[in-house]
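The values are calculated or read from the model by the stated rules, or taken from the named source; none is laboratory data. Being a predicted model, the structure only gives us computed values, none of them experimental. All Cβ positions, glycine included, derive from the backbone under ideal geometry; neighbour counts span all protein chains shown.
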Amino acid sequence: MTATVREEQKEIARIALLTPYTGGNLGDAAIQDAMISNLRIRLPAVRFSGISLNCENFLERHGVDAFPLCATRVPFYQMGYGSITNDPPRKNNHTGNHHPWMGTLNRVPGLLPLLRELRQWALIIPKELIHCVRGYRFLRQHDLLIASGGGQLDEEWGGPWGHPFALCKWALLARIARVPYAFVSVGTGKIKSPACRLFLSLALRLASYRSYRDENSKRIAATLLKAVVNDPVVSDLAFSLPALRLPADAGIRSLSKDQMVIAISPIAYAKPKNWPCADQAVYARYLQQLSKAVLQLVDRGYYLVIVWSSLGDDESVIPQIFEQFDDASRKKMDGQVYVPKINCWKDLAAILQEVDLLVASRLHSAIFGFLARKPTISISFDPKVDWLMQDIGQTDNLLQIRDFTANDVLDTIDRIQSNRLDTVDRIKTCQERMQPGLKSQYDDLVRLAGLRRGR
């Protein structure tokens, strides 16, 4: 190898992107693409790696290298099998025959649960140690580690030993490996348990750079670390997607035949088996009211497009919406309701560019609507959706998932239609206001990536 080639390879920046991304959430995918596109504009030779819950998906969609985010399985937050090796999970060969000493152990109160807990930790600790050693070696090859976007500061999915523990572990590994660690436009979610607060406060303290996607997230993060008060607020990274990444039209206008087009984007909030805090009553009410709104919009002559921004979860809600209708209602919908194929965020973005209005529940569904500069009604399930609507100046179009009605949706649509141009202008103005902070942040990250090699 010549000296010129060695020097050329030495100058290629290596950046690792840490995310609890599995490939299903289209908002998380857009955030990673925004980060990659904007840094590549500034560092054409940069190489990206992923540290995620689905390495295969990251390699397919975003990068050239990947490493498992965690070593163990936690409900609603787990790697696929082979998170450390490529071995499939072992089958349980237990036949149901009890050893003679099991009866004796059962007679000692609390002993068996304690032994099971000790056995579990005995299995977990070696895996974690192996994962840490391999993770350290992986990080040593990089110039910067970035935890970008989304609700990174959150324990709802997997508890404190899910993502909070993973963030803390990777922060420590980055410090040992002497690799700068950055939290970039992160949001907050559920932060309640002492363990979660400890893990997140340590992760924030060890970071070389921190920013938050809204003032409320920064305020909550400041309860974990006082130094946060000096950190910047920089909008969600999805708002920085370069125009060249946005797709062409999806042909919706040719299907609607000049009718007004409304997109409906449901969410699997509180749905049993799909949400960590399930509540069948809340989910059933949401389905009922959303279905009523769909039927009334069809009666008014609108053309409806049913979309989703989370593959699998939100997608599974759509058949249940149609189950709410009788045969006469379904017949009425023929030619008035369209369910397109959506496999990636670009499919969703292409559709939303051709609609007149969006009714969304998930945060990044609404963000995609604003990216397309479409009036958006948010049926909010979480304060983060409320904060987005405040930042965009759209609180008049904000409903709450636990008490909204179908009539509320229709009344809000009528109000938007009477003042549509003003709504679009406000969305455009807010987006333009975000851009200088986003661009400056990418410049800061490039400088941070150069520190380790003295560039």
All conditions in (1) in a helix (DSSP H, G or I); (2) farther than 19 Å from Phe239 by Cα are true of Lys439 except (2)
If you go through Ala166, Ala177, Ala195, Ala222, the only one that is among the aliphatic types (A, V, I, L, M) and surrounded by 22 or more Cβ atoms within 10 Å (Cβ to Cβ) is Ala166
Sole miss for Leu200 among (1) surrounded by fewer than 22 Cβ atoms within 10 Å (Cβ to Cβ); (2) in the same structural domain as Ala174 (by TED's automatic domain parsing); (3) more than 28 Å from Arg42 (Cα to Cα) is condition (1)
(1) outside any loop (DSSP other than H, G, I, E, B); (2) closer than 30 Å to Leu153 by Cβ; (3) modelled with pLDDT of 95 or more all hold for Ile318 apart from (2)
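Can you tell me which residues in segment 263-291 are in a loop (DSSP other than H, G, I, E, B) and among the aliphatic types (A, V, I, L, M)? So that I can check it myself, show each step before the final result.
As a first pass, look at segment 263-291 and keep what is in a loop (DSSP other than H, G, I, E, B): 266-279.
Correct list: Ile267, Ala268, Ala270, Ala278.
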All-but-one check, Ile416 against (1) assigned to a helix (DSSP H, G or I); (2) more than 25 Å from Tyr303 (Cα to Cα); (3) without any contact (Cβ under 8 Å) to a residue 60 or more places away in the chain; (4) over 21 Å from the mean Cα position of the chain (by Cα), failing number (2)
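So that you can scan it fast, the table gives a plain yes or no per residue for (1) within 20 Å of Asp28 (Cα to Cα); (2) β-branched (Val, Ile, Thr); (3) surrounded by fewer than 16 Cβ atoms within 10 Å (Cβ to Cβ); (4) free of Cβ contacts under 8 Å to residues at least 40 places away in the same chain:
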| position | (1), (2), (3), (4) |
| --- | --- |
| Ser310 | yes, no, no, no |
| Lys331 | no, no, yes, yes |
| Lys341 | yes, no, yes, yes |
| Ala360 | yes, no, no, no |
| Phe370 | yes, no, no, no |
| Asp382 | yes, no, no, no |
| Met389 | yes, no, no, yes |
Within segment 122-149, residues among the acidic types (Asp, Glu) and within 24 Å of Tyr209 (Cα to Cα) come out as Asp143
inquiry  = Just checking, does segment 240-260 include any residue being in contact with a Ser or Thr (Cβ under 8 Å, 6 or more places away or on another chain), farther than 23 Å from Ile367 by Cα and either buried (at least 20 other Cβ atoms within 10 Å of the Cβ) or among the acidic types (Asp, Glu) (or both)?
reply    = no
Of the candidates Ile413, Ile427, the one satisfying the condition of being out of contact with any strand residue (DSSP E or B) (no Cβ under 6 Å at 6 or more places or on another chain), outside the structural domain of Val261 (by TED's automatic domain parsing), buried (at least 19 other Cβ atoms within 10 Å of the Cβ) and over 20 Å from Val186 (Cβ atoms) is Ile427
Of the listed residues (Thr95, Thr104), the one being at pLDDT below 80, part of a loop (DSSP other than H, G, I, E, B) and outside the structural domain of Gly162 (by TED's automatic domain parsing) is Thr95
Note on Arg402: of the conditions (1) surrounded by fewer than 21 Cβ atoms within 10 Å (Cβ to Cβ); (2) part of a helix (DSSP H, G or I); (3) outside the structural domain of Leu39 (by TED's automatic domain parsing), unmet is (2)
Filter segment 37-85 for residues that are small (Gly, Ala, Ser) and modelled with pLDDT of 85 or more; the one that is surrounded by the fewest Cβ atoms within 10 Å (Cβ to Cβ) is Ala45
Result of the Cβ filter at 6 Å on segment 273-298, keeping first residues that are in the same structural domain as Thr405 (by TED's automatic domain parsing) and partners that are acidic (Asp, Glu) and buried (at least 18 other Cβ atoms within 10 Å of the Cβ), at least 6 apart or interchain, is Asn274/Asp313; Pro276/Glu156
Item to check | Residue check for Asp396: touching a residue at least 60 places away in the same chain (Cβ under 8 Å), part of a helix (DSSP H, G or I), surrounded by fewer than 18 Cβ atoms within 10 Å (Cβ to Cβ) and not β-branched (Val, Ile, Thr) | outcome: no
